[in-house]
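Worksheet: one structure, shown below.
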Amino acid sequence: MEITEHIDALRREGVLLAEAAARTDLAAPVPTCPEWQLSDLLRHVGQVHRWATAYPSRGLHAPLDEEGRRAAIGPDPSDAALLDWFREGHAALVDALTLAPADVDCWSFLPSTSPLAFWARRQAHETAVHRFDADAAAGTEGPRLDAALALDGIDELLRGFTVLSRSKLRSERPRTVDVRTTDGPGSWRVTITQEPPAATTGGAAEPADLTLTGPAHDLYLLLWNRLPVGPARVELDGDEALLDLWQETAAI
């Protein structure tokens, strides 16, 4: 996906998140984040948006320390002001990414073609995942992601986050998980060992220990632990205990 497409997705998903929150009590529980109420979700995403805005807008070359993070986030809003505060931070992030030069030099934390491409992509998916949390709090499923965005998000999760050294996804003996989409050219293999996982694209000659097959939207939510397993959504073939392992240890 292009940077402009990620920014468009960030804009759209943030608006949808705010709309879900506007029709829901801030005290509503978030089923997909069991320890949160909707107000906690809005604060979290609003803080992340303000934190992320600082890097491309200020050209920061190192991660903010706790004092710098607090300054970037600003004062904590009251519940009465929370939704407007969220919308302001979201709009500021969209503007910062839209106005940033293509060659802006700033800190980022996953491989990417450029810092701007990283921040646009990361914040598009940060917001999309949490939009589904807001929908869950509102008691609605909300619009489906288009296949291109969902495919991109699966790739970021598997080849970006899952393989980091801090990942807790481990197995005493090598195990493999294949992820295959039915509505786009998406195929990945994750190899789980006692070391950080490895993730590759494309097929493999030998079958995986577990294969997950389904529409990109549903695989996206399942892999982000936002979708209960169900045969109507994602097909599982193989050792389903590996999905339990994923859901218990692959949190970001």
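Structure values in brief
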item: Of all residues in region 1-42 being touching a residue at least 40 places away in the same chain (Cβ under 8 Å) and basic (K, R), the one that is nearest to R131 (Cα to Cα); result: R11
item: Residue match in region 105-122 (condition: basic (K, R), closer than 21 Å to L149 by Cβ and under 21 Å from the mean Cα position of the chain (by Cα)); result: yes
item: Residues that are under 21 Å from E248 (Cβ atoms), of a type outside the set (K, R) and in contact (Cβ under 8 Å) with a residue 24 or more places away in the chain, drawn from region 215-234; result: L219, Y220, L221, L223, W224, N225
item: Matching residues in region 65-78 - criterion: being within 23 Å of L17 (Cα to Cα) and open to solvent by 80 Å² or more (accessible area, probe 1.4 Å); result: P75, D76
item: Tally of residues being farther than 19 Å from A18 by Cα, outside any loop (DSSP other than H, G, I, E, B), more than 16 Å from the chain's Cα centre (by Cα) and not acidic (D, E) across region 132-183; result: 6
item: Region 193-219 - residue that is under 19 Å from the mean Cα position of the chain (by Cα) and outside any strand (DSSP E or B) and, of those, surrounded by the most Cβ atoms within 10 Å (Cβ to Cβ); result: L219
item: Pick from region 176-192, criterion of a type outside the set (V, I, T) and open to solvent by 50 Å² or more (accessible area, probe 1.4 Å), ranking: farthest from V163 (Cα to Cα); result: D183
item: Residues located in region 79-106, provided they are open to solvent by 60 Å² or more (accessible area, probe 1.4 Å) and either in a helix (DSSP H, G or I) or in contact (Cβ under 8 Å) with a residue 40 or more places away in the chain (or both); result: D79, A80, D84, R87, E88, D95, T98, L99, A102, D105
item: Selection within region 49-71 - closer than 16 Å to V104 by Cβ, touching a helix residue (DSSP H, G or I) at 6+ places or on another chain (Cβ under 7 Å) and part of a helix (DSSP H, G or I); result: A52, T53, A54, Y55, P56, S57
item: Selection status of D135, of a type in the set (D, E), open to solvent by less than 30 Å² (accessible area, probe 1.4 Å) and over 21 Å from Y55 (Cα atoms); result: yes
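The values are calculated or read from the model by the stated rules, or taken from the named source; none is laboratory data. Being a predicted model, the structure only gives us computed values, none of them experimental. Backbone-built Cβ (ideal geometry, glycine too); neighbour counts: all protein chains shown. Surface areas here come from the heavy atoms of the whole protein model, side chains and all, with no ligands, DNA or RNA. Shrake-Rupley method; radii C 1.70, N 1.55, O 1.52, S 1.80 Å.
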